[in-house]
Amino acid sequence: MKATSEFSSISDYLMGTLTDAQQARVGFLSFNQWTFTTAALMDTALSAHAAGIEVRCAFWADSTPLQDSGWTTSGFLARLCASRTLCDSAKRSLKSHGLPESTFVKPLLKHWTPRDLPAIPEILSRTSIRQLVYQGASMGRSILQVHPDFNTPIRNDYVWPRRWISAAMRSYAWTFDQTQALIRAQGLTAVIVYNG
């Protein structure tokens with residue numbers, strides 16, 4: 001048996017999946033520093049660029065209020081040590097392959113505060129967390145994807161740490177609001193998120 005891919009290239013996949021209108025300006029967002037997701041973002045962004053799609057890349061792992069479990073290196077500490085984060089290396093590599101400086105975008109909302117965060121449930125079970133909604137989006141389901149530690153059980157009787165849930169809610173709201181601001185400011189026609 002010979003395995004074959006459904007599409008001959010990532011460019012073909014993008015052109016076959018995105019409508020003509022969606023292909024105008026695509027945003028690639030990363031909120032972690034996992035090597036495999038950063039590599040996937042780079043490969044897909046380069047393929048989109050090669051296909052004539054205008055690309056925007058947001059490497060925001062170091063900016064979120066609660067770092068993802070895939071976050072490894074502080075940009076501030078890397079600069080102090082005359083080193084680079086994985087995100088810095090990814091940007092440098094993408095530039096060397098022809099993506100212009102305008103490709104790389106920073107968070108736009110400098111003095112951000114969340115709008116109408118939902119109340120934290122009294123009992124922090126998976127069921128109650130799953131019900132959390134922010135600006136019409138399913139906040140709770142996203143929070144449940146990233147655990148406070150690697151030993152968090154996947155059972156409904158487990159009570160999640162209140163401080164961690166509070167921080168995760170703020171981080172979700174920050175991510176949501178910054179992404180919405182980026183879509184509006186850059187006129188993004190499609191968004192591809194790499195979240196590990």
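Summary table
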{"quantity": "Residue within the range 95-110 that is more than 30 Å from residue 49 (Cα to Cα), modelled with pLDDT under 95 and in a loop (DSSP other than H, G, I, E, B) present", "calculated": "no"}
{"quantity": "Filtered residues of the range 1-34 (kept if charged (D, E, K, R) and assigned to a strand (DSSP E or B))", "calculated": "25"}
{"quantity": "Condition check for residue 161: free of Cβ contacts under 8 Å to residues at least 40 places away in the same chain, over 29 Å from residue 23 (Cα atoms), touching a Pro at 6+ places or on another chain (Cβ under 8 Å) and surrounded by fewer than 17 Cβ atoms within 10 Å (Cβ to Cβ)", "calculated": "yes"}
{"quantity": "Candidates 143, 183 - the one that is open to solvent by less than 70 Å² (accessible area, probe 1.4 Å) and either among the small types (Gly, Ala, Ser) or over 22 Å from residue 35 (Cα atoms) (or both)", "calculated": "183"}
{"quantity": "Some residue of the range 30-40 being without any contact (Cβ under 8 Å) to a residue 12 or more places away in the chain and either within 13 Å of the chain's Cα centre (by Cα) or within 16 Å of residue 191 (Cβ to Cβ) (or both)", "calculated": "no"}
{"quantity": "Criterion violated by residue 77 - all others in (1) at pLDDT below 95; (2) farther than 30 Å from residue 149 by Cα; (3) aliphatic (A, V, I, L, M) satisfied", "calculated": "(2)"}
{"quantity": "When residues of the range 1-52 are limited to those that are of a type in the set (Ser, Thr, Tyr) and open to solvent by 60 Å² or more (accessible area, probe 1.4 Å), the one farthest from residue 99 (Cα to Cα)", "calculated": "4"}
{"quantity": "Hits in the range 123-172 (condition: assigned to a loop (DSSP other than H, G, I, E, B), within 24 Å of residue 61 (Cα to Cα) and either in contact with a helix residue (DSSP H, G or I) (Cβ under 8 Å, 6 or more places away or on another chain) or among the hydroxyl-bearing types (Ser, Thr, Tyr) (or both))", "calculated": "132, 133, 135, 138, 144, 146, 148, 152, 160"}
{"quantity": "Residue match in the range 127-135 (condition: open to solvent by 20 Å² or more (accessible area, probe 1.4 Å) and closer than 30 Å to residue 54 by Cβ)", "calculated": "yes"}
{"quantity": "Residues of the range 81-117 satisfying the condition of being surrounded by 15 or more Cβ atoms within 10 Å (Cβ to Cβ) and under 18 Å from residue 172 (Cβ atoms)", "calculated": "107, 108, 112, 114, 117"}
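The values are calculated or read from the model by the stated rules, or taken from the named source; none is laboratory data. Only a predicted model underlies this, so the values are computations on that prediction, with no experimental measurement involved. All Cβ positions, glycine included, derive from the backbone under ideal geometry; neighbour counts span all protein chains shown. Note: accessible area is taken over every heavy atom of the protein model, side chains too, but ligands, DNA and RNA are not part of it. Shrake-Rupley method; radii C 1.70, N 1.55, O 1.52, S 1.80 Å.
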